[in-house]
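J.: A single structure is presented below for examination.
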Amino acid sequence: MLDTLSNRPDLPAEIARRRTFAIISHPDAGKTTLTEKFLLYGGAIQMAGQVRAKGEARRTRSDFMQMEKDRGISVSASAMSFDFGRFRFNLVDTPGHSDFSEDTYRTLTAVDAAVMVIDGAKGVESQTQKLFEVCRLRDLPILTFCNKMDREARDTFEIIDEIQQNLAIDVTPASWPIGMGRDFVGCYDMLNNRLELMDRADRNKVAESIKIDGLDDPKLVQHVPANLIAKLREEIEMARELLPALDPQSVLEGHMTPIWFGSAINSFGVKELMDGIGTYGPEPQVQKATPRAIAPEETAVTGFVFKVQANMDPKHRDRVAFVRLASGHFKRGMKLTHVRSKKPITVSAPVLFLAADRELAEEAWAGDIIGIPNHGQLRIGDTLTEGEALRVTGIPSFAPELLQQARAGDPMKAKHLEKALMQFAEEGAAKVFKPAFGSGFIVGVVGALQFEVLASRIELEYGLPVRFEGSQFTSARWVSGDKLAVEKFTAANKQHIAHDNDGDIVYLTRLQWDIDRVARDYPDVTLTATKEMMV
């Protein structure tokens, strides 16, 4: 991590107790259930609602969009803050569905660590691998939770081996499962020499923890069936010989991941994982920026927008910018400079999130995530400071992989549709391109499910029926290069040219041949598939 700046002072106590992390996983590995249990243990909710619970009262607390509730998937990233022991956890829940991976990539720029959830039966799946690679690019420390051990799971060594091979990271067991599926009784806590027993009767009950003196302790026989004790002793002896011991520094550098086993739906193994995040997770880290990096202990407040969510409250046409504080001690009512526009903004109603509930944030520290309600001034990638012209870097925008034309169901409402699409473009939910030729808009997304979400949100939030129709174009590239070369290029390729919602020039392509032709005929023009969201 960047925290290798020499002779850095100790962080102020309030900042040092912050742990800001995201949960990453393949869909259905149990991420939303784990989030629920975190909130339950943090005392933030009284009762965890299962993902497919009946009745509005027990819907999951972190999924607030209508479509998320209908389908039982998370498609927007929500941020939640709560205390756990002496720590302050800032948990950013990311969309698990691969069609929303861009939102997840951006979210990972705002956290200091990631909790990777894998399914005990399925092991490392494709989406987990993709997200892990993003964490690797950012050197994020990773803690792993192997979920669903109360169902038939794979052999423990096999799971560990698959993580080591597929993700090229050292794995060290923090706990070891005793039995699996119907025979799963709990785990042996290898870090604290404790026996953790699962209660199948009450899913919201904290596991019973029994302090034992090694694996020869007679207490073991009272709680664990004899056939499982022999297997446990043998496996732990092998694990201690074959697998590396926990090295906290190596975890912080992103080279090693400790793994806990459990069952989130039964509240089992969750508390141990949370203790692990507090003990082995990183404090708020230095943030990359230009012209200099930002250290969390600096007294001046800086923060950056990594997500914008429109219409969180459909009764008020609000937009909330999610801001990760990079340094300082923020107080409500502060004046901050919006670096892109060079204008001051008074932050009079910042909010802290607790799932779909919000409360006014009187103060916040580096590492915290606050919501700033605004009417479109704040965009993804914006930096807020106490006056210094710093710009946080590294927040990506990806070229869409699917393009369709948007048409209003009612032609008289085309203007309203433009407003709705621009709002979603600023939120980062889609790319909206205005072609140089012809009317209408071309909407670009990473995955097909996003078109469904957009159509349903435009209808729900704006009362506008909308159709998405096929487009002759299949992908888009941002155009850069010498001004004269770009002008000559756009004049000669007008039917392919569009502008995105920031006004940047985009080249719409039908085939890979189009991209190759530009490289051959216009060597001074560069086409890129990603754009740094820095304005």
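J.: Output the pairs from Lys31/Lys331; Lys37/Lys307; Lys231/Lys271; Lys331/Lys431; Lys130/Lys335; Lys342/Lys419 with a Cα-Cα distance over 29 Å in this structure; if there are none, say none.
T.: Check vs 29 Å cut-off fails for Lys31/Lys331; Lys331/Lys431; Lys130/Lys335.
J.: Sticking with this structure for a sec: List the relative contact order of the chain as a percent without decimals, with contacts defined as Cα pairs under 8 Å and 6+ residues apart.
T.: The normalised contact order for the chain reaches 13 percent.
J.: Right, here's the next one. Which value, in Å², gives the accessible area per residue of region 89-173 when a 1.4 Å probe is used on the protein heavy atoms?
T.: For region 89-173, the solvent-accessible area averages 28 Å² per residue.
J.: While we're looking at this one, here's another question. Using the charge dipole of the chain (Lys, Arg: +1 at Cβ; Asp, Glu: -1 at Cβ; taken about the Cα centre), state which of Thr172, His223, Leu242 has its Cα farthest towards the positive end.
T.: Projecting each Cα onto the dipole axis, the largest value belongs to Thr172.
J.: What does the charge dipole of region 344-473 about its Cα centre add up to, to the nearest 20 debye, if the Cβ of each Lys and Arg holds +1 and the Cβ of each Asp and Glu holds -1?
T.: Value, rounded to 20: 760 debye.
J.: Shifting gears a bit: Multiplying the sequence separation of Arg182 and Asn166 by 0.36 nm and subtracting their Cα-Cα distance, what value in nm do you get?
T.: Extra length from Arg182 to Asn166 when fully extended: 2.9 nm.
J.: Okay, moving on. What is the dipole size for the chain, taken about its Cα centre, with +1 at each Lys and Arg Cβ and -1 at each Asp and Glu Cβ, in debye to the nearest 20?
T.: My answer is approximately 1860 debye.
J.: For Asp139 paired with Gln495, estimate the spin-label separation in nm (one decimal), with each label point 7 Å from Cα along the Cα-to-Cβ line.
T.: With each label point 7 Å from Cα toward Cβ, the separation is 5.0 nm.
J.: Around Ala414, under 13 Å between beta carbons, what's the net of Lys plus Arg minus Asp minus Glu among the other residues?
T.: Here the charged neighbours net out to +4.
J.: Can you give me the relative contact order of region 148-294 as a percent, contacts being Cα pairs under 8 Å and 6 or more apart?
T.: After rounding, I find 27 percent.
J.: Further question on the same structure: With mean projected area of the Cα convex hull in nm² defined as stated, name the option among (1) 26.6; (2) 23.0; (3) 29.2 computed from the structure displayed.
T.: Checking each listed value against the structure points to (1).
J.: I would also like to ask the following. Can you put Lys122, Lys483 in order of accessible area, largest first, using a 1.4 Å probe?
T.: Reading off the accessible areas and sorting them downward yields Lys483, Lys122.
J.: Test of understanding: what is the full-extension gain from Lys331 to Ser480, defined as 0.36 nm times their sequence separation minus their Cα-Cα distance?
T.: 49.6 nm
J.: Let me ask something additional. Size of the dipole of region 318-382 about the Cα centre, Lys and Arg at +1 and Asp and Glu at -1 on the beta carbon, nothing else charged, in debye to 20?
T.: In total the dipole reaches around 440 debye.
J.: Give me the extension gain from Ser348 to Thr528: residue separation times 0.36 nm, minus the current Cα-Cα distance, reported in nm with one decimal.
T.: 60.9 nm
J.: Further, regarding this structure: What is the calculated FRET efficiency for Glu401 to Asp504, with r their C-beta to C-beta distance and R₀ = 25 Å, to the nearest 0.05?
T.: Once the sixth-power term is evaluated, E becomes 0.85.
J.: Give the calculated FRET efficiency between Ser439 and Asp516 to the nearest 0.05, with a Förster radius of 35 Å applied to their Cβ-Cβ distance.
T.: 0.70
J.: While we're on this one: As a check on your grasp of the helix formula, calculate [θ] at 222 nm for the chain: sum -39500 (n - 2.57) over DSSP H runs of n ≥ 4, divide by the residue count, round to the nearest 500.
T.: So the calculated ellipticity at 222 nm is -7500 deg cm²/dmol.
J.: On the accessible surface of region 76-181, probed at 1.4 Å, how many percent belong to carbon and sulfur atoms?
T.: 44
J.: What nm value, rounded to one decimal, do you get for the distance between Asn192 and Lys415 when each label is placed 7 Å out toward the C-beta?
T.: 6.3
J.: Points 7 angstrom from Cα along the Cβ direction at Ala230 and Ala293: gap in nanometres?
T.: In this crude label model, Ala230 to Ala293 measures out at 5.4 nm.
J.: Let me ask you something else. Determine, from the Cβ-Cβ distance of Asp217 and Arg151 and an R0 of 41 Å, the FRET efficiency 1/(1 + (r/R0)^6), rounded to the nearest 0.05.
T.: 0.90
J.: Now for a separate question. I want the local charge near Asp83. Using Cβ-Cβ distances under 13 Å, sum +1 for each Lys or Arg and -1 for each Asp or Glu among the other residues.
T.: Combined, the nearby Lys, Arg, Asp and Glu give +3.
J.: Nearest 10 degrees is fine. How inclined is helix 270-280 to the longest principal axis of the chain, computing both from alpha carbons?
T.: 70
J.: Classify region 361-503: rounded, prolate or oblate, from the alpha-carbon gyration tensor (a ≥ b ≥ c, eigenvalue square roots; a/c under 1.5 rounded; otherwise prolate if a/b is larger than b/c)?
T.: Note, shape of region 361-503 comes out oblate.
J.: Straight-line reach only, C-alpha to C-alpha below 20 angstrom: list the lysines that Lys413 could link to, leaving out same-chain residues fewer than 8 apart.
T.: Within the straight-line cut-off, Lys413 pairs with Lys434.
The values are calculated or read from the model by the stated rules, or taken from the named source; none is laboratory data. The shown structure was predicted, so the numbers you read here are calculated from the model rather than taken from an experiment. Glycine gets a Cβ as well: all are built from the backbone with ideal geometry, and neighbour counts include every protein chain shown. Note: accessible area is taken over every heavy atom of the protein model, side chains too, but ligands, DNA and RNA are not part of it. Shrake-Rupley method; radii C 1.70, N 1.55, O 1.52, S 1.80 Å.
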